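See below for the structure under consideration.
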Amino acid sequence: QVHLVESGGGLVQPGGSLRLSCAASGSINVIFDMAWYRQVPGHEREMVARITSSGVTDYADSVQGRSTISRYNAERTVYLQIDSLKPEDTAVYFCNAQVVPIGSITALPYWGQGTQVAVSS
């Protein structure tokens, strides 16, 4: 089994910063892309930021310029830093990873359980 566990969510004031972490564990052979998504009730889950295994990044327009995704491959961890937080950043943030499990040759998507981020004064 493969597990992704997020941490770092919480209540933040507008203009503040937040750093989310996600650690992958379990029967992992290879991790390709890792990403952060977010979802607001009643809306579709949207990609926030993505990073390849070689460090190439991609950001949603809504967080471009105030967000940084990074990863530490040795510890199978991905981070998301968001600065200048806005109320519209309020959502449940999910970690996603494309993982080839041990014994498999196919990469499969895995998700964390999500962590709530609330931006409010």
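Once segment 62-82 is narrowed to residues that are part of a loop (DSSP other than H, G, I, E, B) and touching a strand residue (DSSP E or B) at 6+ places or on another chain (Cβ under 7 Å), the residue that is surrounded by the most Cβ atoms within 10 Å (Cβ to Cβ) is VAL63. Scanning segment 61-93 for residues being farther than 13 Å from GLY16 by Cβ, hydrophobic (A, V, I, L, M, F, W, C) and in contact (Cβ under 8 Å) with a residue 24 or more places away in the chain gives a total of 6. Of the residues making up segment 90-121, those that are among the aliphatic types (A, V, I, L, M) and assigned to a strand (DSSP E or B) are ALA91, VAL92, ALA97, VAL99, VAL100, LEU108, VAL117, ALA118, VAL119.
Consider only pairs whose beta carbons are under 6 Å apart and that are at least six residues apart or on different chains; among these, list those whose first residue lies in segment 10-31 and is farther than 17 Å from LEU85 by Cβ and whose second residue is open to solvent by less than 40 Å² (accessible area, probe 1.4 Å) and among the charged types (D, E, K, R). The qualifying pairs are CYS22/GLU6.
Tallying residues that are within 11 Å of the chain's Cα centre (by Cα), over 11 Å from ALA97 (Cα atoms) and buried (at least 17 other Cβ atoms within 10 Å of the Cβ) within segment 38-61 yields 3. Among the candidates GLY9, GLY42, the residue that is over 15 Å from GLN113 (Cα atoms) and among the small types (Gly, Ala, Ser) is uniquely GLY42.
The values are calculated or read from the model by the stated rules, or taken from the named source; none is laboratory data. Here the structure is a predicted model, which is why all the values come from computation and not from measurement. Note that we place each Cβ from the backbone using ideal geometry, even for glycine, and neighbour counts take in every protein chain shown. Surface areas here come from the heavy atoms of the whole protein model, side chains and all, with no ligands, DNA or RNA. Shrake-Rupley method; radii C 1.70, N 1.55, O 1.52, S 1.80 Å.
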